[in-house]
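The values are calculated or read from the model by the stated rules, or taken from the named source; none is laboratory data. The structure presented is a predicted model; accordingly, all values stated were derived computationally and were not measured. Methodologically, a virtual Cβ is constructed for each residue, glycine included, from the backbone with ideal geometry; neighbour enumeration extends over all protein chains shown. Each accessible area value is taken on the protein alone, full model and side chains, heavy atoms only, with ligands, DNA and RNA left out. Shrake-Rupley method; radii C 1.70, N 1.55, O 1.52, S 1.80 Å.
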Amino acid sequence: MSVKWKDSSTDRLCEAILCLKTQDEMYRFLEDVGTIGELKALAQRLEVARLLHEGLNYGEISRMSGASSVTISRTKKALDYGTDGLLRVLERLKARKEDAREVEQA
């Protein structure tokens, strides 16, 4: 992991995010600390990462997400050469979705 941006302020941000307990708490926190544009950009990057992970091509991803080829390319680079943070989140979200399906079917 790159430590160039890591400092006491970013440590506190991570701690703050980890202490939130519900989706509503997270929405409230994010709305207070970021602009709607910043939050939408982060959400779009996560969606692009999900679609890349599912094997879709750039054209399909751009049509589905509205993301530019630059955003898609940067997100692909993060998935391929990053610290696996995005990959870990995608795998956990997929597992949660599968668990929820199993509960519904039971």
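Of these, Leu20, Leu42, Leu90, Leu52, which one is hydrophobic (A, V, I, L, M, F, W, C), surrounded by 14 or more Cβ atoms within 10 Å (Cβ to Cβ) and free of Cβ contacts under 8 Å to residues at least 24 places away in the same chain?
Values: Leu42 fails: surrounded by 14 or more Cβ atoms within 10 Å (Cβ to Cβ); Leu90 fails: free of Cβ contacts under 8 Å to residues at least 24 places away in the same chain; Leu52 fails: free of Cβ contacts under 8 Å to residues at least 24 places away in the same chain.
Unique residue meeting the criteria: Leu20.
So which residues in the range 59-82 are open to solvent by 90 Å² or more (accessible area, probe 1.4 Å) and within 18 Å of the chain's Cα centre (by Cα), if there are any at all?
The initial filter retains those residues of the range 59-82 that are open to solvent by 90 Å² or more (accessible area, probe 1.4 Å), namely 63-64, 74, 77, 81.
Met64, Arg74, Lys77, Tyr81 - these are the residues of the range 59-82 that are open to solvent by 90 Å² or more (accessible area, probe 1.4 Å) and within 18 Å of the chain's Cα centre (by Cα).
Is at least one residue of the range 96-106 more than 21 Å from Lys40 (Cα to Cα), out of contact with any Lys or Arg (no Cβ under 8 Å at 6 or more places or on another chain) and surrounded by 12 or more Cβ atoms within 10 Å (Cβ to Cβ)?
no
Identify, from the list Leu52, Leu87, the residue that is closer than 25 Å to Thr10 by Cβ and part of a helix (DSSP H, G or I).
Leu87
Being under 26 Å from Val3 (Cα atoms), among the small types (Gly, Ala, Ser) and at pLDDT 95 or above is the requirement here; does Ala67 meet it?
no
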